[in-house]
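Novice: I have a structure I would like to understand better, so I am pasting it below and will then ask my questions one at a time.
The values are calculated or read from the model by the stated rules, or taken from the named source; none is laboratory data. If you're wondering where the values come from, they're calculated on a predicted model, not measured in any experiment. Methodologically, a virtual Cβ is constructed for each residue, glycine included, from the backbone with ideal geometry; neighbour enumeration extends over all protein chains shown. What goes into the accessible areas is simple: the full protein's heavy atoms, side chains included, and nothing from ligands, DNA or RNA. Shrake-Rupley method; radii C 1.70, N 1.55, O 1.52, S 1.80 Å.
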Amino acid sequence: MTGTPPTASRVLHPPAGYRLAASVRALTFSPYDPCARIVAGTFWFATRTPDGPATLALHPEAGDLRAEGYGPGAGWVVERADAIAGLRDDVTGFAALAAAHPLVARLAREYRGVRMPATGLVFPRVLRAVFEQKVTGKEAYRAYAATVRHFREPAPGPLPLLLPPEPAAVAATPYWVFHPFGVEQRRAETLRRAAAVADRLERCGDAAEATRRLRAVPGIGPWTAAEVVRVAYGDPDAVSVGDYHVPNTVAWALAGEPRGDDARMLALLEPFRGHRGRVCVLLEAAGVQAPKYGPRAPIRSFARF
């Protein structure tokens with residue numbers, strides 16, 4: 001990319017075998033995410049920071065990563081670039097835990113270069129997680145992308161990205177404005193309530209505190225809270241209880257059972273406590289899926305409601 005020069009930059013030194021694309025996958029909703037994407041091997045991430053709007057670019061260079069920041073919050077995102085890239089992810093002790101199951105042990109070796117990012121930013125992840133509640137991935141992405149474009153605010157830097165919506169603007173928006181985006185009143189009101197307390201959510205000191213405050217917001221349960229803290233805080237133990245697919249994936253991968261409920265999933269993950277969420281991340285990175293039975297969930301529309 002040429003044009004606008006970065007405001008701040010630094011060089012990061014990932015461990016051998018580090019995989020940028022796989023590590024930051026959780027930060028992109030699709031290849032067309034209006035706020036974050038990978039272009040020609042470089043990861044671009046537009047966000048709001050305590051210092052103002054910013055875009056972070058992570059460029060792989062001969063085994064290193066060059067972090068470049070644009071906009072008023074450039075210094076903030078560049079200082080946190082190693083965490084966003086997953087390089088602060090602490091895997092201490094995981095290899096010993098992984099040895100409890102041959103598949104997990106193998107994935108821990110083969111995907112040791114996949115690290116868990118920690119953005120330090122709660123509300124952008126809340127936005128996505130609320131839209132993902134109990135709908136298909138396509139429905140969730142459409143709602144997310146349409147919402148970002150509705151509040152359209154260009155991100156700084158050379159790539160035409162958009163910033164996540166300002167929480168105050170979301171909180172002030174009537175729920176019915178989200179209907180054309182495919183969002184019913186329940187999820188719209190949940191998002192508006194979370195947006196109204198976004199300042200408190202962003203001030204949480206750790207994943208445990210953030211989980212408590214998130215769960216205090218009506219409409220946010222254990223699944224949504226886990227989805228948020230796993231990315232905002234890089235919590236390696238966050239398990240998405242209540243997910244439609246993950247219990248089946250875990251049951252199939254760890255016990256050869258094509259179907260499982262939350263209780264079975266948690267029982268199978270118990271030997272990996274402290275890194276239970278990491279096991280789920282590795283299964284996803286490896287493309288492990290339980291056998292599929294029955295019809296797919298239908299795509300619904302609330303645009304006319």
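Novice: Under 9 Å by Cβ, and 6 or more places apart or on different chains, what pairs join a residue from segment 141-154 that is within 14 Å of LEU191 (Cα to Cα) and open to solvent by 10 Å² or more (accessible area, probe 1.4 Å) with one that is charged (D, E, K, R) and in a loop (DSSP other than H, G, I, E, B)?
Specialist: Sorted first by the residue in segment 141-154, then by its partner, the pairs are TYR144/ASP33; TYR144/GLU132.
Novice: Still on this structure, I have one more. Would you mind stating whether VAL170 is of a type in the set (A, V, I, L, M) and open to solvent by less than 40 Å² (accessible area, probe 1.4 Å)?
Specialist: Yes.
Novice: If you check ASP51 against the conditions, is it without any contact (Cβ under 8 Å) to a residue 40 or more places away in the chain and not small (Gly, Ala, Ser)?
Specialist: Considered against the rule, which asks whether it is without any contact (Cβ under 8 Å) to a residue 40 or more places away in the chain and not small (Gly, Ala, Ser), ASP51 comes out as yes.
Novice: Whether any residue in segment 105-114 is in contact with a Leu (Cβ under 8 Å, 6 or more places away or on another chain), open to solvent by 10 Å² or more (accessible area, probe 1.4 Å) and β-branched (Val, Ile, Thr) is what I want to check.
Specialist: Yes, because at least one residue in segment 105-114 is in contact with a Leu (Cβ under 8 Å, 6 or more places away or on another chain), open to solvent by 10 Å² or more (accessible area, probe 1.4 Å) and β-branched (Val, Ile, Thr).
Novice: So, one more: Just to check your reading of the model, which residue among ARG200, ARG259, ARG264, ARG213 is in contact with a Leu (Cβ under 8 Å, 6 or more places away or on another chain), open to solvent by 50 Å² or more (accessible area, probe 1.4 Å) and in contact (Cβ under 8 Å) with a residue 12 or more places away in the chain?
Specialist: On the way: ARG200 fails: in contact with a Leu (Cβ under 8 Å, 6 or more places away or on another chain); ARG259 fails: in contact with a Leu (Cβ under 8 Å, 6 or more places away or on another chain); ARG264 fails: in contact with a Leu (Cβ under 8 Å, 6 or more places away or on another chain).
Checking each option against the conditions leaves just ARG213.
Novice: Would you confirm whether any residue within segment 55-64 is open to solvent by less than 10 Å² (accessible area, probe 1.4 Å) and either within 22 Å of LEU282 (Cβ to Cβ) or charged (D, E, K, R) (or both)?
Specialist: Yes; the residues of segment 55-64 include at least one that is open to solvent by less than 10 Å² (accessible area, probe 1.4 Å) and either within 22 Å of LEU282 (Cβ to Cβ) or charged (D, E, K, R) (or both).
Novice: With the requirement that a residue be in a loop (DSSP other than H, G, I, E, B) and either crowded, with 24+ Cβ neighbours inside 10 Å or touching a helix residue (DSSP H, G or I) at 6+ places or on another chain (Cβ under 8 Å) (or both), what does segment 225-245 give you?
Specialist: Taking segment 225-245 first, the residues in a loop (DSSP other than H, G, I, E, B) are 233-245.
Within segment 225-245, TYR233, GLY234, ASP235, PRO236, ASP237, ALA238, VAL239, SER240, VAL241, GLY242, ASP243 qualify.
Novice: Next up: Quick test for you: out of PRO180, PRO222, pick the one residue that is open to solvent by 30 Å² or more (accessible area, probe 1.4 Å), more than 27 Å from ALA85 (Cβ to Cβ) and either among the acidic types (Asp, Glu) or under 18 Å from the mean Cα position of the chain (by Cα) (or both).
Specialist: PRO222
Novice: In addition: Specify which of the listed residues (ALA83, ALA74) is out of contact with any Phe, Trp or Tyr (no Cβ under 9 Å at 6 or more places or on another chain), buried (at least 24 other Cβ atoms within 10 Å of the Cβ) and among the small types (Gly, Ala, Ser).
Specialist: Every option except ALA74 fails the conditions.
Novice: Do you know which of the residues in segment 158-167 that are in contact with a helix residue (DSSP H, G or I) (Cβ under 9 Å, 6 or more places away or on another chain) and open to solvent by 20 Å² or more (accessible area, probe 1.4 Å) is nearest to GLY69 (Cα to Cα)?
Specialist: Looking at the filtered set, the residue picked out is GLU166.
Novice: Scan segment 86-99 residue by residue and report those that are acidic (Asp, Glu) and surrounded by 15 or more Cβ atoms within 10 Å (Cβ to Cβ).
Specialist: The answer is ASP89, and nothing else.
Novice: Now for a separate question. Quick one: count up the residues across segment 54-78 that are under 15 Å from PRO124 (Cβ atoms) and without any contact (Cβ under 8 Å) to a residue 24 or more places away in the chain.
Specialist: Adding up the residues that qualify gives 0.
Novice: For segment 183-197, how many residues are surrounded by 23 or more Cβ atoms within 10 Å (Cβ to Cβ) and in a loop (DSSP other than H, G, I, E, B)?
Specialist: Qualifying residue count for the region: 1.
Novice: PRO102: open to solvent by 40 Å² or more (accessible area, probe 1.4 Å) and within 28 Å of GLY274 (Cβ to Cβ), yes or no?
Specialist: Values: open to solvent by 40 Å² or more (accessible area, probe 1.4 Å): yes; within 28 Å of GLY274 (Cβ to Cβ): yes.
Considered against the rule, which asks whether it is open to solvent by 40 Å² or more (accessible area, probe 1.4 Å) and within 28 Å of GLY274 (Cβ to Cβ), PRO102 comes out as yes.
Novice: If ALA62 satisfies all but one of (1) farther than 27 Å from PRO167 by Cα; (2) hydrophobic (A, V, I, L, M, F, W, C); (3) touching a strand residue (DSSP E or B) at 6+ places or on another chain (Cβ under 9 Å), what's the number of the condition it fails?
Specialist: (3)
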